[in-house]
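A short worksheet on the structure shown next.
The values are calculated or read from the model by the stated rules, or taken from the named source; none is laboratory data. Keep in mind it's a predicted model, so treat the numbers as computed, not measured. We place every Cβ from the backbone using ideal geometry, glycine too, and count neighbours over all the protein chains shown. Only protein heavy atoms, including side chains, enter the accessible area calculation; ligands, DNA and RNA are left aside. Shrake-Rupley method; radii C 1.70, N 1.55, O 1.52, S 1.80 Å.
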Amino acid sequence: MQFYLAPLEGITGYIYRNAIHDYYGHGMDKYFTPFLTPHTKCSFNAKELNDITPEHNQGMYTVPQVLTNSAEDFLRIEKDLRALGYEEININLGCPSGTVASKGRGAGFLAETQKLDRFLEEIFAGTNAKISLKTRIGIDDPEDFYELLDIYNKYTLEELIIHPRVLREYYKGTPHWEIFDYAVKNSKNTLCYNGDIFSVADYQRLQDEILKQNNGHKVHAIMLGRGILQNPALIEQLVQYEQNGIKEHDFDKSRFKMFHDRLRNDYMTQMSGDMNVLYKMKELWFYMIMLFPNQEKVLKKIKKAKKLAEYDAAVRELF
Ligand SMILES: Cc1cc2nc3c(=O)[nH]c(=O)nc-3n(C[C@H](O)[C@H](O)[C@H](O)COP(=O)(O)O)c2cc1C
């Protein structure tokens, strides 16, 4: 099985990806960038270019993700991405955010199946890049997916990454494994599963319920997002489970501390002012606190910190 880092806008930028790669990258096969949106006058703004520039992505397999519903814009950005050396590009058909979906992009695009089909047709006629799709299963009804899969089956994708929730569910409830199972049985493209794998036990359950009947090894990859944010060693633990059946792991606090310090220091170098760094680190602690059960009091101190010195003191106390 291959393992991928999911794109997480505002979190898995190049600083996070590099830190994961250096401290927990063993077993990570692909790193997806948060979505890039084509701009009217240029493909990338300075922040986006900074994220995808090859010098910030050395030694890892990075896949840029594009969010658009215009084939013309996609083909323009695709040329610029290829000029930077990228041969594989992912298209976002899953973003549920109101501002994106209301413009018919991300998961919003799934409501316009004819337009989506035309978009893919134009893209495949005009590109030599390897194209993968990251898709939700519909807008309101999980059974929307049957029609979507008929469309996806018309194209030769690098892979089809499925987050089996509909747009309206955002991240609530549980993923619709029965729909993913339908994809395993009916997709002409190879599949990557994404959604709510937070532990070895979750992965084991996915294996038992879906992957064991994996039709011709059609599911060749698992993409993880919040599970990695909560526990960066998760991929390594899944690999160990696959190779040796190991299910229990000790928390390597000193490695996690080095990973944390690397992130903090790299954000310091990249961003101006304590507040921006604090914002980034606090957002991560929302997930990382899972590694420190019953430490709500110290987490409160981290959240309340207004200066980096206060933040550092709270983190020292936590460790
Ligand atoms: C804060 C946040 C930002 C996200 N940004 C993106 C994004 O830029 N592109 C994308 O395709 N999905 C994005 N997602 C969705 C994730 O890639 C992933 O599909 C989702 O979190 C489910 O996987 P998980 O349960 O492993 O986290 C985002 C999710 C979150 C929580």
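For a straight C-alpha distance cut-off of 16 angstrom, the aspartates and glutamates reachable from Lys212 (same-chain residues fewer than eight places away being disregarded) are Glu178, Asp181, Asp202, Glu242. Between the beta carbons of Lys303 and Phe124, assuming R0 = 45 Å, the FRET efficiency works out to 0.45 to the nearest 0.05. Take Arg105: with every protein chain present and a 1.4 Å probe, its accessible area is about 50 Å². Taken per residue, the accessible surface of the range 253-318 reaches 60 Å², heavy atoms only and a 1.4 Å probe. Within the accessible area of the range 253-318, what % is carbon and sulfur when the probe is 1.4 Å and the other protein chains stay in place? After summing per-atom areas, the C and S share lands at 56 percent. Straight Cα distances below 18 angstrom link Lys47 to the lysines Lys280, with same-chain residues fewer than 8 positions distant left out. Here each label is just a point 7 Å from Cα along the line to Cβ, and for Arg82 and Thr269 those points are 3.4 nm apart. Gain on full extension, evaluated as 0.36 nm per residue between Ser70 and Phe286 minus their Cα-Cα distance, stands at 74.2 nm. The residues of the range 164-206 present an accessible area of 44 Å² per residue when probed at 1.4 Å with all protein chains retained. Rounded to the nearest 10 degrees, the angle from helix 274-288 to the longest Cα principal axis of the chain is 70 degrees.
The slack between Tyr279 and Lys154, meaning 0.36 nm per residue of separation minus the straight C-alpha distance, is 40.6 nm.
Going by a ≥ b ≥ c, the root eigenvalues of the Cα gyration tensor, does the range 253-318 fall in the rounded group (a/c under 1.5), the prolate group (a/b larger than b/c) or the oblate group? Taking the square roots of the gyration eigenvalues as a ≥ b ≥ c, the range 253-318 is oblate.
Applied to the range 138-153, the Karplus parametrisation 6.51 cos²θ - 1.76 cosθ + 1.60 on θ = phi - 60° returns per-residue 3J(HN,Hα) values of x, 9, 10, 10, x, 6, 3, 5, 4, 5, 4, 5, 4, 5, 4, 5 Hz, with x for Gly and Pro. Partner lysines whose Cα lies under 18 Å from the Cα of Lys79, excluding those fewer than 8 positions away in the same chain, are identified as Lys41, Lys130. Apolar share of the accessible surface for the range 2-244: 46 percent from carbon plus sulfur atoms, 1.4 Å probe. Computed with every protein chain present, the accessible area of Thr99 is close to 100 Å² [probe 1.4 Å].
For the set Lys282, Lys185, Lys130, Lys41, solvent exposure ranked by accessible area (probe 1.4 Å, protein chains only) runs largest to smallest as Lys41, Lys185, Lys130, Lys282. Summed over qualifying helices (DSSP H, 4 residues or more, each -39500 (n - 2.57)) and divided by its residue number, the chain shows a 222 nm mean residue ellipticity of -13500 deg cm²/dmol. Taking a sphere under 9 Å around the Cβ of Phe319 and counting the other residues whose Cβ falls inside, with K and R at +1 and D and E at -1, yields a net charge of +2. Counting only alpha carbon atoms, the long axis of helix 177-186 and the longest principal axis of the chain meet at about 40°. Annotation for the range 187-228: trypsin sites (Lys or Arg not before Pro) lying in DSSP loop with at most 12 further Cβ atoms inside 10 Å of their Cβ do not exist.
Taking all protein chains together, Glu87, Glu169, Glu310 sort by accessible area into Glu87, Glu310, Glu169, largest first [probe 1.4 Å].
A probe of 1.4 angstrom, applied to the heavy atoms of all protein chains, finds Asp29 with accessible area near 60 square angstrom. Taking the square roots of five times each eigenvalue of the Cα gyration tensor of the chain, the equivalent ellipsoid has semi-axes of 32, 24, 18 Å, listed largest first.
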